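Enquirer: Next up is a structure, given as structure tokens.
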Amino acid sequence: MPTKKKSSGRKYSPKAGAKVKKVMEEKKRGTLKTGRSGKKVTSRKQAIAIGLSEARKAGAKVPKKKSAKKSSKKK
């Protein structure tokens, strides 16, 4: 009977989790700003995305961003 292959452990590294935690604390204080425009971040999802992006740049184990799927047109 074939066995299912298990995934290789954690999705995010502890370093990535710490980075997200730091960014979420900044959001709570109201000091977290967006990159380009410098506007204050109010969205929880956006704050997490910023944290993961920073962790990725720092070399932490973070899965790649999901790219938008192209819709196929039928002629």
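Since every read-out is calculated from the coordinates, none of them should be taken as a lab result. A quick note: this is a predicted structure, and the numbers were derived from the prediction, not measured. Neighbour counts run over all protein chains shown; Cβ positions are idealised from the backbone, glycine included.
Enquirer: For the residue pair K33 and Y12, what label-to-label distance in nm results when each label sits 7 Å from Cα along the Cα-to-beta-carbon direction?
Expert: 2.5
Enquirer: Points 7 angstrom from Cα along the Cβ direction at K45 and S67: gap in nanometres?
Expert: Taking the two extended label points, one gets 2.2 nm.
Enquirer: While we're looking at this one, here's another question. Hey, rough spin-label estimate for M24 and R56, points 7 angstrom out along Cα→Cβ, what's it come to in nanometres?
Expert: My value for the distance between the label points is 2.0 nm.
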